[in-house]
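**Student:** Supplied in structure tokens, the structure appears directly below.
The values are calculated or read from the model by the stated rules, or taken from the named source; none is laboratory data. This is a predicted model, so every value here is computed, not measured. Glycine gets a Cβ as well: all are built from the backbone with ideal geometry, and neighbour counts include every protein chain shown. The protein model used for the area step is the full one, side chains on, heavy atoms only, and it has no ligands, DNA or RNA in it. Shrake-Rupley method; radii C 1.70, N 1.55, O 1.52, S 1.80 Å.
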Amino acid sequence: MGYEVNFEGKIALVTGASSGLGARFAKVLAAAGAQVVLASRRVERLKELRAEIEADGGAAHVVALDVTDYASIKSAIAHAETEAGPIDILVNNSGVSTTQRLIDVTPEDYSFIMDTNLRGAFFVAQEAAKRMIARAKGDPKKQHRIINIASVAGMRVLPQIGVYCMSKAGVIQMTKAMAVEWGKYGINTNAICPGYISTEINEDYFASEQGQRLIEMLPRKRPGKPEDLDGLLLLLAGEDAHFINGAVIAADDGMTAQ
């Protein structure tokens, strides 16, 4: 028995697609045949990514999105569906963090993290779901997928990123609430909780003395790579995942098993 990954005819919106995991998610879905809508504030970087995807034979569109701005969310999703078509798959990936002790967190720091990681993620999913639910009422067999990118930091507290941990714990509970409320409309909502993943954003840190000490504390003394999430992404985005709803899946090389 074999399985073929084929997302032809599917429209996937990826937020925070200008770099890191978001860019990887977009490339993977495009390589599997989906039309990918790339969304973030850094539009020029999205255009570069679109060119890369198109050079590899994929299809991509670019929309400007600031997840901290409700009007921007509504406008971006409307633009995405006008440009590409009805969204079948949402990868809710935008996220930010700061490094500091809780006692040093300012109201501005708190808002910076929560407005992007939790409030922004909620309203992106809500706006996409409104459209998904409307389509499901016309076609009860219609299937949609929402994949929220949480973190192992939402499952256990990690040092000096306490507010980030709080925000990602909220994303986990948000995922479960969405799964319960929207499942009857054929929307499967699940969360991926990556462990430490090396990207262009943090590779210098992992090469530093402090980063090397962190790596030594990991179960197999190695950070992950963005491609280590490919299989899980494709599983949760695909139609074979019709019985997976409300799942919170750690992809962390055993970190949360310690």
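Residue-by-condition table, conditions (1) aliphatic (A, V, I, L, M); (2) more than 16 Å from the chain's Cα centre (by Cα):
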| site | (1), (2) |
| --- | --- |
| Ala17 | yes, no |
| Ala23 | yes, no |
| Leu29 | yes, no |
| Ser40 | no, no |
| Val62 | yes, yes |
| Ile73 | yes, no |
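**Student:** Let me ask you something else. Being among the β-branched types (Val, Ile, Thr) and more than 19 Å from the chain's Cα centre (by Cα) is true for just one of Thr98, Thr82. Which residue is that? I'd like the intermediate steps shown before the answer.
**Tutor:** Numbers: Thr98 fails: more than 19 Å from the chain's Cα centre (by Cα).
The conditions single out Thr82.
**Student:** Would you mind stating whether Ser151 is of a type in the set (Ser, Thr, Tyr) and exposed (fewer than 15 other Cβ atoms within 10 Å of the Cβ)?
**Tutor:** Numbers: of a type in the set (Ser, Thr, Tyr): yes; exposed (fewer than 15 other Cβ atoms within 10 Å of the Cβ): no.
When the stated conditions are applied, Ser151 does not pass them.
**Student:** Residues of region 220-232 being farther than 22 Å from Gln173 by Cα and surrounded by 15 or more Cβ atoms within 10 Å (Cβ to Cβ), which ones?
**Tutor:** Quick first cut of region 220-232, residues farther than 22 Å from Gln173 by Cα only: 220-228, 230-231.
Matches in region 220-232: Pro223, Gly224, Pro226, Asp228, Asp230.
**Student:** Keeping to region 22-45, report how many residues are open to solvent by 20 Å² or more (accessible area, probe 1.4 Å) and under 22 Å from Gln126 (Cβ atoms).
**Tutor:** The total comes to 1.
**Student:** What's the total number of residues in region 233-258 that are of a type in the set (Asp, Glu) and either buried (at least 17 other Cβ atoms within 10 Å of the Cβ) or in contact with a strand residue (DSSP E or B) (Cβ under 6 Å, 6 or more places away or on another chain) (or both)?
**Tutor:** So the first thing to find is which residues in region 233-258 are of a type in the set (Asp, Glu), and the list is 239-240, 252-253.
Add one more test, that the residue is either buried (at least 17 other Cβ atoms within 10 Å of the Cβ) or in contact with a strand residue (DSSP E or B) (Cβ under 6 Å, 6 or more places away or on another chain) (or both), and what stays is 252-253.
Residues that pass the stated criteria total 2.
**Student:** Kindly provide the set of residues from region 94-108 that are farther than 23 Å from Gly211 by Cβ and in contact with a strand residue (DSSP E or B) (Cβ under 8 Å, 6 or more places away or on another chain), ordered by number.
**Tutor:** Ser94
**Student:** Related question: Does Met217 fit the bill of being loosely packed, with under 12 Cβ neighbours inside 10 Å and either in contact (Cβ under 8 Å) with a residue 24 or more places away in the chain or closer than 19 Å to Ser151 by Cβ (or both)?
**Tutor:** Values: loosely packed, with under 12 Cβ neighbours inside 10 Å: yes; either in contact (Cβ under 8 Å) with a residue 24 or more places away in the chain or closer than 19 Å to Ser151 by Cβ (or both): yes.
Taking the combined requirement at face value, the residue satisfies it.
Residues are listed down the side, and each one gets a yes or a no for (1) farther than 22 Å from Leu38 by Cβ; (2) of a type in the set (A, V, I, L, M); (3) open to solvent by 60 Å² or more (accessible area, probe 1.4 Å):
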residue	(1), (2), (3)
Lys141	yes, no, yes
Ser167	yes, no, no
Gly170	yes, no, no
Met178	yes, yes, no
Thr189	no, no, no
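**Student:** Just the residues that are over 21 Å from Gly95 (Cβ atoms) and among the hydroxyl-bearing types (Ser, Thr, Tyr), please, taken from region 160-215.
**Tutor:** Of everything in region 160-215, those that are over 21 Å from Gly95 (Cβ atoms) and among the hydroxyl-bearing types (Ser, Thr, Tyr) turn out to be Tyr185, Ser208.
**Student:** With the checklist (1) outside any strand (DSSP E or B); (2) more than 18 Å from Phe123 (Cβ to Cβ) in hand, flag the one item Ala80 doesn't pass.
**Tutor:** (2)
**Student:** Go through region 19-33 and give me each residue that's in contact with a strand residue (DSSP E or B) (Cβ under 7 Å, 6 or more places away or on another chain) and closer than 11 Å to Ile53 by Cα.
**Tutor:** Looking only at region 19-33, we keep the residues that are in contact with a strand residue (DSSP E or B) (Cβ under 7 Å, 6 or more places away or on another chain), and these are 21-22, 25-26, 29-30.
Listed by number, the residues that qualify are Ala26, Leu29, Ala30.
**Student:** Mind checking which residues of region 98-156 are part of a loop (DSSP other than H, G, I, E, B), without any contact (Cβ under 8 Å) to a residue 12 or more places away in the chain and within 24 Å of Ile201 (Cβ to Cβ)?
**Tutor:** Step one: of region 98-156, the residues part of a loop (DSSP other than H, G, I, E, B) are 98-99, 101, 105-106, 139-143, 150-151, 155-156.
Remaining after also requiring without any contact (Cβ under 8 Å) to a residue 12 or more places away in the chain: 106, 139.
Residue satisfying the conditions is Thr106 alone.
**Student:** Those residues that are more than 27 Å from Gly170 (Cβ to Cβ) and β-branched (Val, Ile, Thr), I need them from region 186-219; list them, please.
**Tutor:** Hit for region 186-219 is Ile215, nothing else.
**Student:** Scan region 80-131 for residues that are among the hydroxyl-bearing types (Ser, Thr, Tyr) and either within 21 Å of Leu21 (Cα to Cα) or open to solvent by 70 Å² or more (accessible area, probe 1.4 Å) (or both) and jot them down. Working first, answer last.
**Tutor:** To start, the set of residues in region 80-131 that are among the hydroxyl-bearing types (Ser, Thr, Tyr) comprises 82, 94, 97-99, 106, 110-111, 116.
Within region 80-131, Thr82, Ser94, Ser97, Thr98, Thr99, Tyr110, Thr116 qualify.
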